[in-house]
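Just below is one structure, and these are the notes that go with it.
No lab work stands behind these numbers, since they all come straight from the coordinates. Keep in mind that this is a model prediction, so the values were computed, not measured. Don't worry about glycine lacking a Cβ; one is built from the backbone with ideal geometry, like all the others, and counts go over all protein chains shown.
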Amino acid sequence: MSGFLERPSRIRRVVAGLTVVGAVALAGFTVLERPLVGVAVFGLAITGVMVALSRTERPVFDERDEQISREAAEWTLSLLGMSSMLVFPTLTFAWGVDKFEWQPWSTAIAMFVAVLYLIYGAFLVVLRSQR
Amino acid sequence: MDNSLTEYREASGLSQRALAEHVAVTRQTINAVEGNRYDPSVELVFKLAAFFEVPVEDLFHPDVELERTVSEIGD
């Protein structure tokens, strides 16, 4: 196993695989009303990630991975922002003309997006003040 | 940004993996830099130049427009 995990490319695949398995298990077992099993599998997966990352002295993730991650985050925020600018005013208008009723799930999504952009705005202010 | 990293690396008899270990990045990053798919950070540019003991501009070549602008500023 240690030989297998000597190469950073293999560690990256293991880290990605375990992260997906952990997240899917947590969501899946929660839906199946087995929350403790979900948390246990998630904990094991994250422990596996830590172990895998500790198996090599060589860099597993570097500046290129950070840049890719930043670009993916930018695209995600942009996509979410643009779709929110279209969807939420439309839903609010529909609600105003009695064609739509806010449900707990739609309210939760709207609140999540609002909080996400509040956090984003706060980080923008903080980072600007530092540079 | 165009670069001569492949030439310098091959002249040194190094694999991409070996060079990556010397400058503490992944082999994929060296591969991406050599293939002009990734512009390295200033830190990595200087690390590579220091490793091959050459000026940065011997390793990385800014485009023609930038060279002209720099020479005009010099005049």
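Quick look at the values:
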quantity: Signed unit charges on C-beta, dipole axis of the range A:37-119, positive-most listed residue A:THR76, A:PRO104, A:PHE88; calculated: A:PRO104
quantity: Karplus (6.51, -1.76, 1.60) ³J(HN,Hα), θ = phi - 60°, over the range A:118-128, in Hz, Gly and Pro reported as x; calculated: 5, 5, 4, x, 5, 5, 4, 4, 4, 5, 5
quantity: Size of the range A:4-53 as Cα extents on the principal axes (Å, biggest first); calculated: 38, 13, 11
quantity: For A:58-68, mean number of other protein chain Cβ atoms within 10 Å; calculated: 6
quantity: Gyration tensor over alpha-carbon atoms, the range B:1-60, equivalent ellipsoid semi-axes in Å; calculated: 14, 13, 11
quantity: Residues with amide H under 5 Å from that of B:ASN3, placed H, sequence gap 5 or more; calculated: B:HIS61
quantity: Mean projected area in nm² (Cα convex hull; one quarter of hull surface) for chain A; calculated: 11.9 nm²
quantity: Computed E for A:PHE88/A:ALA40 - FRET, C-beta separation, R0 30 angstrom, nearest 0.05; calculated: 0.20
quantity: Cα long-axis angle, helix A:63-96 against chain A (0 to 90 degrees, to the nearest 10); calculated: 20 degrees
quantity: About the Cα centre, charge dipole magnitude for the protein assembly as shown (Lys/Arg +1, Asp/Glu -1 at Cβ), debye; calculated: 1260 debye
quantity: Under-5 Å amide H pairs with A:ARG55, H placed in peptide plane, nonlocal only; calculated: none
quantity: B:LEU14 long-range amide H proximity, modeled H, under 5 Å; calculated: none
quantity: Projected area averaged over orientations for the range A:63-130, convex hull of C-alpha atoms, nm²; calculated: 5.9 nm²
quantity: Residue (of A:TYR117, A:GLY48, A:GLY38) at the positive-pole extreme of chain A, dipole from beta-carbon charges; calculated: A:GLY48
